[in-house]
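These notes are about the structure you will find just below.
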Amino acid sequence: MPPTANAAALIRHTVLLRPAIITTAFSKTFPMTTSRAVSRSCTVIPKVTSRTMASSCSSSSKGGLEKLPSSPVRLLRTTSSVRLWRRPHLLDHRTVALVPTMGALHSGHLSLIRRAARENHHVVVSIYVNPAQFGISEDLDSYPQTWDSDVAQLVKLDRELADDGDNLGRISAVFAPSTKEMYPGGFPGQEVDSKGSFVTITPVGELLEGRTRPTFFRGVATVCMKLFNVVQPERVYFGQKDVQQTVVIKRLVRDFLMPIEVVVGRTERDEKDGLALSSRNVYLGERRRQQATVLYRALRAAEGEYKKGGRKREGILRAAEGVVEGVKREEEGKGVEERVRFEVDYISLADPDTMEEIEEVDPARGGILSGAIKMLPVEKAREGEDLGHSGGPAVRLIDNIILEPEGGKEE
Ligand code: AMP
């Protein structure tokens, strides 16, 4: 059972874990940046209203069927073309999986696609930067868009999948719609009080990430409802990296009686230091990238406490706090051209089904350790220093670790 004083407990711990080096109030999660320079090899696409994702792609188009270059993967841009593609597979009883993404693909996305291909006859990868899940002061304008690199990775992966006999299917189509296509009545806006057709999943969508980003899960649930309605997949694949999102999507599917299985793939991490792969890591630059593992290290310390037999919130979170404080002290001792500043948004110990804060882990249920930190812009750049995509704005990173129930998790 969740405790009665959840909110108070969370706030208490949030305050407890906020590093003292942060002296200025940080009201905006992401400063708006005007530069749209992308540090990886990519094609820069015009702003949200005219986002036609694939417009810069050199896709071949034979007989009206657009495909990714040198590949059988179909490129679908409209809901009607997806429906047309989907229908015969329904009649043939072929399973269709959907892997929703916002592009800027990395190995985390690819691992979900690999798993989907192992378990389904057809995989549809959607690439759509959904403006509804970005707050008005967030990084929609600078969100990395790497269409050419995404296409190249998908074509390569599809070949790999075709050569591997263990797969049931491969990538059959990429769905890259425009905002006009996804919001046929007109885009309702990114404000909290925007009027329009939205799906809200509460209370889980209001907690943790939802507290800091009040429109985020409304945007996610709305766009996923649309994608599910268009593609009509038997299975959808989401990463554990965004653990609260997986809980929201499971609720969406359950509560709206959708005949869809939600599959959660493990978090892919940097092999060397364990940083969770994220499209937003390109904003970090080398200096902040070094210390961006502080959240994962803190969560690992908390997990260690649980593994040693600790069950109480206080002891488990204290272990995380110790790591944060240690890194903070280390950074405070450095000069402005060397140090890294960060702010802990929250570190949470929550129930695996509700994401409500818990005072004690029930070993029969396990729990979810999750957190969010803001890596603040560097105070002073060194000469020639690469500060990251868009000049190294504040970057909000999230991560989590599942505390498995005793006796292992149920599959
Ligand atoms: P995004 O493009 O960031 O919206 O992510 C699309 C999907 O990829 C979501 O289900 C994410 O949870 C998943 N994903 C993102 N990063 C990772 C990662 N490091 N490991 C596994 N899945 C991930």
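The values are calculated or read from the model by the stated rules, or taken from the named source; none is laboratory data. Fair warning: this is a prediction, and the values are worked out from it, not measured in the lab. Backbone-built Cβ (ideal geometry, glycine too); neighbour counts: all protein chains shown. Please note that ligands, DNA and RNA were not included when accessible areas were found on the heavy atoms of the full protein model with its side chains. Shrake-Rupley method; radii C 1.70, N 1.55, O 1.52, S 1.80 Å.
Among the residues of region 106-137, which ones are among the polar types (S, T, N, Q) and near the ligand (Cβ under 10 Å from one of its atoms)?
Result: S107, S111, S126, N130, Q133.
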Exercise for review: With the condition kept exactly as written, say whether any residue in region 297-304 is open to solvent by less than 40 Å² (accessible area, probe 1.4 Å) and within 19 Å of the chain's Cα centre (by Cα).
Suggested key: yes
Point to revise | Residue list for region 257-302, restricted to those being among the basic types (K, R), touching a residue at least 12 places away in the same chain (Cβ under 8 Å) and not in a strand (DSSP E or B) | key: R266, R280, R287, R288, R289, R297, R300
Check your understanding: Which of the residues spanning region 245-279 are under 15 Å from A221 (Cβ atoms), within 13 Å of the ligand (Cβ to nearest atom) and surrounded by fewer than 21 Cβ atoms within 10 Å (Cβ to Cβ)?
Key -> T246, K250, V262
Point to revise | D345 being touching a helix residue (DSSP H, G or I) at 6+ places or on another chain (Cβ under 7 Å), acidic (D, E) and under 20 Å from R211 (Cα atoms) | key: yes
Practice item. Filter region 92-105 for residues that are more than 7 Å from the ligand (Cβ to nearest atom), of a type outside the set (V, I, T) and open to solvent by 10 Å² or more (accessible area, probe 1.4 Å) and give the result. Key: D92, H93, R94
Exercise for review: Being outside any helix (DSSP H, G or I) and either among the aromatic types (F, W, Y) or more than 29 Å from A381 (Cβ to Cβ) (or both) is the filter here, so list the residues in region 310-333 that pass it.
Suggested key: G310, R311, K312
**Study point:** From V282, V324, V294, residue being within 13 Å of the ligand (Cβ to nearest atom) and either aliphatic (A, V, I, L, M) or open to solvent by less than 30 Å² (accessible area, probe 1.4 Å) (or both)
**Key:** V282
Point to revise | Residue under evaluation I316, criteria (1) in contact with a Phe, Trp or Tyr (Cβ under 9 Å, 6 or more places away or on another chain); (2) surrounded by fewer than 18 Cβ atoms within 10 Å (Cβ to Cβ), criterion not met | key: (2)
**Study point:** Failed criterion for P259 (all others in (1) in contact with a helix residue (DSSP H, G or I) (Cβ under 8 Å, 6 or more places away or on another chain); (2) over 20 Å from Y128 (Cβ atoms) hold)
**Key:** (1)
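Only one residue in D242, D166, D193, D158 is away from the ligand (no atom under 14 Å from the Cβ), acidic (D, E) and not in a loop (DSSP other than H, G, I, E, B), so which one is that?
Selected residue: D158, the only one of D242, D166, D193, D158 that is away from the ligand (no atom under 14 Å from the Cβ), acidic (D, E) and not in a loop (DSSP other than H, G, I, E, B).
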Practice item. Identify all residues within region 196-237 that are in a strand (DSSP E or B) and either buried (at least 22 other Cβ atoms within 10 Å of the Cβ) or more than 16 Å from the ligand (Cβ to nearest atom) (or both); write none if there are none. Key: V236, Y237
Review point. In region 175-210, what residues are of a type in the set (S, T, N, Q), more than 22 Å from the chain's Cα centre (by Cα) and over 30 Å from R86 (Cα atoms)?
Key: S194
Revision key, fill the gap. Filtering region 96-151 down to residues that are more than 25 Å from R218 (Cα to Cα), in a loop (DSSP other than H, G, I, E, B) and more than 17 Å from the chain's Cα centre (by Cα) yields N120, H121
Check your understanding: Only one of (1) within 16 Å of the ligand (Cβ to nearest atom); (2) crowded, with 18+ Cβ neighbours inside 10 Å is not met by S71, so which one is it?
Key -> (1)
